[in-house]
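A quick write-up on the structure given underneath.
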Amino acid sequence: MAVPQKPGGGFSRPPGQGGFQKPGGFNKGGFRGRFVPRKEAEHRINQFIRAPQVRLVGENVEVGVYSLQDALRMARDQQLDLVEISPTVDPPVCKIIDYNKFLYDKKKKEKEMKAKSKVSEVKEIRFTPNTDDHDFDFKAKHAESFLKDGNKVKAYVQFKGRAIQFQERGQLLLLKFAERLAEVAILENMPKMEGRRMLAMFAPKGKKKG
């Protein structure tokens with residue numbers, strides 16, 4: 001892990017103490033800032049910002065270019081942290097914010113985006129033309145669970161041997177299945193034959209077709 005640097009480069013060794021100074025506020029006797037990181041910070045904050053001038057943005061400041069010392073004083077007055085959010089521009093862009101809250105909100109947003117981008121799976125439910133009521137109910141409950149988790153369901157009736165003559169029975173079974181799932185699913189296509197199987201695809205309600 002990289003060792004933080006004090007403003008202007010070089011290492012900081014507090015008087016009378018060994019080791020390096022940890023990030024997270026001003027030195028003893030001054031404002032320490034609200035953020036005390038447990039590991040190396042994602043952004044330069046407070047006295048670890050190295051630029052002599054910074055551009056402040058945000059609702060709690062008058063937008064403009066300030067000396068680093070003035071920006072640190074403004075952060076101290078608000079009991080918040082000076083955070084470098086765009087280090088590659090000149091001067092770097094900073095905000096005066098609660099850095100702990102900033103990291104919490106960032107992590108929460110990333111978690112929500114990850115949940116939304118979850119790729120749905122296609123779960124298969126297999127029937128035969130002679131599926132009885134007990135087996136039908138058992139498989140319908142599984143399908144409901146899959147759909148509520150955001151997955152699609154491919155239901156099919158498998159015809160073996162001379163059972164292929166009972167295609168109408170398979171179609172009725174799949175339509176009955178669609179009626180059973182009506183509260184949680186959308187029937188994307190009417191039952192159709194593919195080889196020796198009759199298929200129907202179901203998508204969870206509230207999800208776009210894809």
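The values are calculated or read from the model by the stated rules, or taken from the named source; none is laboratory data. Just so you know, these numbers come straight off a predicted model, no measurement behind them. Methodologically, a virtual Cβ is constructed for each residue, glycine included, from the backbone with ideal geometry; neighbour enumeration extends over all protein chains shown.
Looking across region 157-193 at every residue that is within 38 Å of the chain's Cα centre (by Cα) and more than 18 Å from PHE136 (Cβ to Cβ), the one that is surrounded by the fewest Cβ atoms within 10 Å (Cβ to Cβ) is identified as ASN189. Can you spot a residue in region 71-84 that is small (Gly, Ala, Ser) and surrounded by 19 or more Cβ atoms within 10 Å (Cβ to Cβ)? Within region 71-84, one or more residues are small (Gly, Ala, Ser) and surrounded by 19 or more Cβ atoms within 10 Å (Cβ to Cβ).
Each residue in region 132-150 was checked for being at pLDDT 90 or above and not in a helix (DSSP H, G or I), and 1 pass. When region 51-81 is filtered for residues that are farther than 23 Å from LYS106 by Cβ and either in a helix (DSSP H, G or I) or not polar (S, T, N, Q) (or both), the ones remaining, listed by number, are PRO52, GLU62, GLY64, VAL65, TYR66, LEU68, GLN69, ASP70, ARG73, ARG76, ASP77.
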